[in-house]
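As structure tokens, the structure follows; a few thoughts come after it.
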């Protein structure tokens with residue numbers, strides 16, 4: 001098969017968004033899980049398509065006989081890069097399109113000298129799990145996506161407020177203490193979009209979230225900090241909600257006791273630099 005990998009263009013966004021929706025919906029249906037994607041005309045899909053015109057995201061597409069059949073994205077906003085979503089037209093599965101797209105973004109990451117690359121994959125999708133493992137990725141965390149009605153709850157002694165640009169340095173320092181690297185690029189985007197929040201305890205910032213949902217991540221010094229962030233969220237963005245590491249039993253049980261439901265299992269994987277987290281956190285769909 002004559003597969004051509006090329007840089008994505010703005011005019012590719014609509015077609016790639018349609019493939020993205022059909023690909024993930026098809027795989028989820030095959031495994032009897034609800035789709036974790038929204039239709040191409042939704043606000044979430046529109047936000048995803050904007051990555052085609054955002055310089056901080058490296059986008060590639062795969063063409064077969066001149067027809068786009070897949071795409072992949074490398075999030076380059078921070079020193080550790082995030083991969084995904086990798087999407088393949090269901091009609092051309094098992095033709096090494098996914099591998100070619102992954103090899104291209106990993107080549108790009110090597111050129112940019114990212115110390116590490118991360119991704120999150122649906123645990124029920126054995127094809128993607130095998131592909132990533134063969135490419136050198138290691139399984140780091142078993143995750144679940146949690147969804148339900150907003151909790152509208154508070155944790156005593158933990159105050160929530162919108163994040164501002166003046167909070168960036170402190171939040172970056174905290175993220176570095178927990179993960180060994182900063183995520184200031186993603187946080188700055190969330191601040192500018194008005195979705196980022198911080199939690200304060202004892203007159204200082206002890207946690208932050210870009211948004212509680214698939215596209216966002218959260219970091220806290222303790223589980224109470226992350227509980228406060230979850231409790232303050234007006235909604236859990238995306239049909240599958242937010243991601244939670246299952247080995248954090250206290251936080252997992254708290255979510256269940258507050259009526260949140262597990263939507264699906266997922267897996268956090270890494271290539272290159274990885275530090276065991278030393279605090280409480282919620283990963284994004286990138287990592």
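Mind telling me which of the residues 91, 49, 71 ends up being without any contact (Cβ under 8 Å) to a residue 40 or more places away in the chain, under 19 Å from the mean Cα position of the chain (by Cα) and under 14 Å from residue 19 (Cβ atoms)?
49
Would you check if residue 212 is farther than 23 Å from residue 256 by Cα and touching a helix residue (DSSP H, G or I) at 6+ places or on another chain (Cβ under 9 Å)? Give the steps one after another, and end with the answer.
Numbers: farther than 23 Å from residue 256 by Cα: no; touching a helix residue (DSSP H, G or I) at 6+ places or on another chain (Cβ under 9 Å): yes.
No: the conditions fail for residue 212.
May I ask you to say which residue of 168, 187 is in a helix (DSSP H, G or I), touching a helix residue (DSSP H, G or I) at 6+ places or on another chain (Cβ under 9 Å) and over 15 Å from residue 283 (Cα atoms)? Working first, answer last.
Numbers: 187 fails: over 15 Å from residue 283 (Cα atoms).
Selected residue: 168, the only one of 168, 187 that is in a helix (DSSP H, G or I), touching a helix residue (DSSP H, G or I) at 6+ places or on another chain (Cβ under 9 Å) and over 15 Å from residue 283 (Cα atoms).
If residue 243 passes every condition in (1) closer than 30 Å to residue 126 by Cβ; (2) within 19 Å of the chain's Cα centre (by Cα); (3) surrounded by fewer than 24 Cβ atoms within 10 Å (Cβ to Cβ) but one, which one does it miss?
(3)
In this structure, is residue 142 touching a residue at least 60 places away in the same chain (Cβ under 8 Å), in contact with a helix residue (DSSP H, G or I) (Cβ under 6 Å, 6 or more places away or on another chain) and either farther than 19 Å from residue 20 by Cα or assigned by TED's automatic domain parsing to the domain that holds residue 267 (or both)? Please lay out each step first, then the result.
Numbers: touching a residue at least 60 places away in the same chain (Cβ under 8 Å): yes; in contact with a helix residue (DSSP H, G or I) (Cβ under 6 Å, 6 or more places away or on another chain): no; either farther than 19 Å from residue 20 by Cα or assigned by TED's automatic domain parsing to the domain that holds residue 267 (or both): yes.
Considered against the rule, which asks whether it is touching a residue at least 60 places away in the same chain (Cβ under 8 Å), in contact with a helix residue (DSSP H, G or I) (Cβ under 6 Å, 6 or more places away or on another chain) and either farther than 19 Å from residue 20 by Cα or assigned by TED's automatic domain parsing to the domain that holds residue 267 (or both), residue 142 comes out as no.
Hey, which of the helices (runs of 4 or more DSSP H) in the stretch 3-120, taking only ones fully inside, have at least 1 residues that are modelled with pLDDT under 90 and crowded, with 20+ Cβ neighbours inside 10 Å?
13-30, 43-49
Would you check if there is a residue in the stretch 131-139 being surrounded by 13 or more Cβ atoms within 10 Å (Cβ to Cβ), touching a residue at least 24 places away in the same chain (Cβ under 8 Å), touching a strand residue (DSSP E or B) at 6+ places or on another chain (Cβ under 7 Å) and more than 22 Å from residue 276 (Cα to Cα)?
no
Which ones in the stretch 256-280 are under 19 Å from residue 153 (Cα atoms), buried (at least 18 other Cβ atoms within 10 Å of the Cβ) and either without any contact (Cβ under 8 Å) to a residue 60 or more places away in the chain or touching a helix residue (DSSP H, G or I) at 6+ places or on another chain (Cβ under 7 Å) (or both)?
280 - this is the single residue of the stretch 256-280 that is under 19 Å from residue 153 (Cα atoms), buried (at least 18 other Cβ atoms within 10 Å of the Cβ) and either without any contact (Cβ under 8 Å) to a residue 60 or more places away in the chain or touching a helix residue (DSSP H, G or I) at 6+ places or on another chain (Cβ under 7 Å) (or both).
The values are calculated or read from the model by the stated rules, or taken from the named source; none is laboratory data. None of these values were measured; they are calculated from a predicted model. Here Cβ is always computed from backbone atoms with ideal geometry, including for glycine, and neighbour counts include all displayed protein chains.
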